[in-house]
Amino acid sequence: MKKVLIITYYWPPSGGSGVQRWLKMSKYLPEAGWQPVVYTAENAEYPVEDPSLEKDVSPDAVVIKRPIVEPYSAYKKFLGIKKDKKIKAGFLSTEEKSSFKENIARWIRGNLFIPDARCWWVRPSVKYLLSYLANNPVDAVISTGPPHSMHLIGLKLHEKTGLPWIADFRDPWTEIDFYDELRLTRWADRKQREMEREVLTKATKVVTVSRNWAEGLEQLGAENVVVIENGFDFSPEKLKDTVPLTQKFTISHVGIIGPSRNAPNLWKVLGQMVRETDGFKNDLEIRLIGQVDFSVTKSLQEHGLSQNSVIMPYIPHEEVMNKQFESQILLLLINNTKNSKGILTGKFYEYLYAGRPILAIGPLDSDIAKVIRETNSGEIVSYDDIPGIKNKISKFYDQYLSNELHKIEQSDIHRFSRKHLALKYGNLMEEVCSKKRD
C-alpha cells in the first residue's frame, strides 16, 4: 500500500466530534490502497474523552504519539480550575456572564497563541517528522484542522520535502463561528489571515466538508477546493431496527450547544405547547446529549421546560447511537452565524443513518437543507419562523399520537457512508500523487 501521513490533534481517547472524521477515514483508507500513518499528541487536553473509540483504530494504522506542550495548566491555575477538570469547547459557559479573569484569559488565547493554543507543537513536530520521514517515507501528507496549527506542520513538511499535501478543513479558520469572540487585536487578526492564506495557496489540494464553505475558502485564495463530506459508519453492533422507540414524545439533540446554536424560539414554542396542548406536557421529553451553554438551560427554565428536559453532558459514542435510534424526533440546531449556510455537522450524517425524522432549525438555503430535501429525511424551518416551528412540531406530535411517526423512507444516503468517503479520499490522493509524478 501507499502511505499517507495524517497530522491530527484529535485521536482516541479523545471523544466528541473532532476525532470522528479521521478516525473513520483511517479505518477505511487501507481498502482504498492507503496505509495511514497517524501523527498525534501524546498528552493532549481534550474537552471530552471516550476510550470506547479505540476499537475503531485501524489495525493497519501506524500511530505516532509525541508530547505536546499546551498552556492549559497555566490557564486552569489562573482561573482557579482544578487540574483534572476539562476545558469546555467553543466558549461554552456555565455562567451568564464571563468573569474578568476569563475575559483576560480569552484575550491572551487570541492574541498570544496564534493560530491557536497548540502553536508550540509546530516546530518540534516538524523537526521530529523530518527525521522520521527520512527513514520511513510516505507518499502524501494530510493535515486536518482545527486546531489549525496542524496545517502549519503540514505546510513546513511540504516546503521541505516536496511531498503532496492536502489541507483538510473540518471547520473554517477565520470564518469559524467563534472567531469574533477571540477579541483579536488588528495585528493578531492580520497574522491569522496571513497564515490562513499561506496554507490555502500553498497546499496541493484543499478539502472541506460543504460546498458553501468551499466557496468561502476559494474567495480567500484557495484554488480547486474539493468537497468530501463527513458521514456515518455502518457497524454490525448498531442494529437500529432492533432498538424500540421511547414511549415519550422524545426530541433529542446530540452534540455541543453553544450560544450561537441555542434556539430560543424553539423553546418558546415548546413552552407554549406545554401550557396549551392537552397531554403535551406529560408526553414531551427533551434530550440534550452533549455540553450545553448557560443560555440554553436559562431558556429552558424561562419557558417552563426544565421538568421536561434531560441533559446528558457526555455519553460514549456507541451509546449515543442507540439514543438516536430510539428517539421520536432528532433535533438539529444550526449555528445562527455568518457561516451557517455551510455547516454540515458529523452528527447530521449519523442522524441520517438513524432513520428517525429530523427537525432542523436554520437557513432554508443552506447545504444542510439541500441534503435534507434530497434524502427525504425530515423538515427544516428558519430561526425566526415561530408559526413554522409550531406547525412542524404539531405535525410530528399528531403522528406520534396516532402511532404513525415511523422510520422514514430515505433516499441516496449510501454516498455518505464513511467507507465510500474514504474511497473518495483515496482517489483524491492518487490524483495529487500522479500530478507530482507528471
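Brief remarks on what is shown
- The stretch 192-213: number of residues that are small (Gly, Ala, Ser) and without any contact (Cβ under 8 Å) to a residue 40 or more places away in the chain: 0
- When the helices (runs of 4 or more DSSP H) confined to the stretch 364-438 are screened for residues that are over 30 Å from Trp165 (Cβ atoms), free of Cβ contacts under 8 Å to residues at least 24 places away in the same chain and over 20 Å from the mean Cα position of the chain (by Cα), those reaching at least 3 such residues are found at 386-401.
- Test: residue in the stretch 272-280 that is within 27 Å of Phe169 (Cα to Cα) and touching a helix residue (DSSP H, G or I) at 6+ places or on another chain (Cβ under 8 Å): no
- Within the stretch 256-285, tally of residues that are among the β-branched types (Val, Ile, Thr) and either outside the structural domain of Phe348 (by TED's automatic domain parsing) or farther than 23 Å from Asn403 by Cα (or both): 2
- Note on the stretch 346-356: residues that are surrounded by 23 or more Cβ atoms within 10 Å (Cβ to Cβ) and assigned to a loop (DSSP other than H, G, I, E, B) amount to 1.
- Residue selection: Val296 fails the criterion of being of a type in the set (A, V, I, L, M, F, W, C) and closer than 17 Å to Arg356 by Cβ.
- Some residue of the stretch 164-173 being closer than 20 Å to Val122 by Cα, assigned by TED's automatic domain parsing to the domain that holds Arg123 and surrounded by fewer than 16 Cβ atoms within 10 Å (Cβ to Cβ): no
- Selection over the stretch 310-344 of residues that are farther than 30 Å from Glu175 by Cβ and touching a residue at least 24 places away in the same chain (Cβ under 8 Å) gives a count of 13.
- Near pairs, Cβ below 6 angstrom, 6+ apart or cross-chain, from the stretch 162-176 (free of Cβ contacts under 8 Å to residues at least 12 places away in the same chain and part of a strand (DSSP E or B)) to any residue that is of a type outside the set (A, V, I, L, M, F, W, C) and crowded, with 24+ Cβ neighbours inside 10 Å: none
The values are calculated or read from the model by the stated rules, or taken from the named source; none is laboratory data. Note that this is a predicted model, so its numbers are computed, not measured. Positions of Cβ are backbone-derived with ideal geometry, glycine not excepted, and every protein chain shown enters the neighbour counts.
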